[in-house]
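*Asks:* Before we start, here is the structure in question, set down as structure tokens.
Read-outs: derived from the displayed coordinates by stated rules, not from any lab. Please read these numbers as outputs of a predicted model, since none were measured by experiment. No Cβ is skipped: glycine too gets one built from the backbone with ideal geometry, and neighbour counts run over all protein chains shown.
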Amino acid sequence: MLYMTTRTLARRVSVARNLLAARTPAERGWLDLAGWLARLEECERAGHFNQETDFPRALAFYLAALAEAPAAEPATEPQTSDPRPVPAFVEHLRIGDRYPDVAAAAGWLREIAWRVECGIPRVTETEFAELAAWFEANEQRLASLADASTLRDVGCGRRTCCWSIRHALRAGPRADGAGEVAEVIRQLRARYGSGV
């Protein structure tokens with residue numbers, strides 16, 4: 001899991017609460033795997049993922065991973081007292097240990113959906129690799145420019161440090177927060193130039 005600052009976590013919780021509060025009572029239920037997949041495909045047809053050029057690859061990765069898992073891992077039957085379907089995130093957790101691609105693919109799709117929902121600029125795997133290379137080439141220079149607290153100004157009142165970015169980059173372009181770390185590096189590159 002990607003390291004998140006308290007501020008980032010609080011912002012994500014706040015956005016999620018606001019999105020949930022805006023939904024009607026019928027929309028507040030958890031989606032099962034089929035429902036979640038149908039919602040993603042519906043959003044794709046509506047054009048919500050047009051800017052996310054890696055979405056088709058992420059969806060194909062998810063479908064392929066999911067196709068392998070259920071054959072060996074039958075779905076948990078709901079309790080008779082609780083006829084609701086098993087939520088998708090519970091299914092991902094349940095089969096994720098034996099089929100890590102299912103959890104990884106679902107996480108990638110959630111990250112893409114999160115960026116779209118929150119207006120975070122898109123990032124492709126290719127651009128993420130380029131940003132990571134730029135950061136690696138300039139990390140020492142950025143660290144030397146930091147103040148005594150090791151924090152670096154990235155604009156808009158936000159500050160970060162090199163170790164936090166390095167940690168987020170290790171998680172990769174498919175992890176939670178990939179879009180946010182990519183935007184931070186874009187801002188650092190625009191603010192401090194190549195220098196190397």
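*Asks:* How long is the gain from Val15 to Ala143 if the chain were fully straight, where each residue apart is worth 0.36 nm and the alpha carbon distance is subtracted?
*Replies:* Result: 42.9 nm gained on full extension.
*Asks:* How do the peptides 100-106, 134-140, 49-55 rank, highest first, by the average count of neighbouring beta carbon atoms within 10 Å per residue?
*Replies:* Details: 100-106: 19.9, 134-140: 15.6, 49-55: 17.4.
Highest mean packing first, the order is 100-106, 49-55, 134-140.
*Asks:* Could you calculate the FRET efficiency of Cys161 with Leu63 from 1/(1 + (r/R0)^6), where r is the beta carbon distance between them and R0 is 35 Å, rounded to 0.05?
*Replies:* Working from the Cβ atoms, E equals 0.35.
*Asks:* Rank by packing, highest mean first: peptides 56-67, 170-181, with packing defined as the count of other Cβ atoms within 10 Å averaged across residues.
*Replies:* On the way: 56-67: 16.0, 170-181: 19.2.
In descending order of packing, they fall as 170-181, 56-67.
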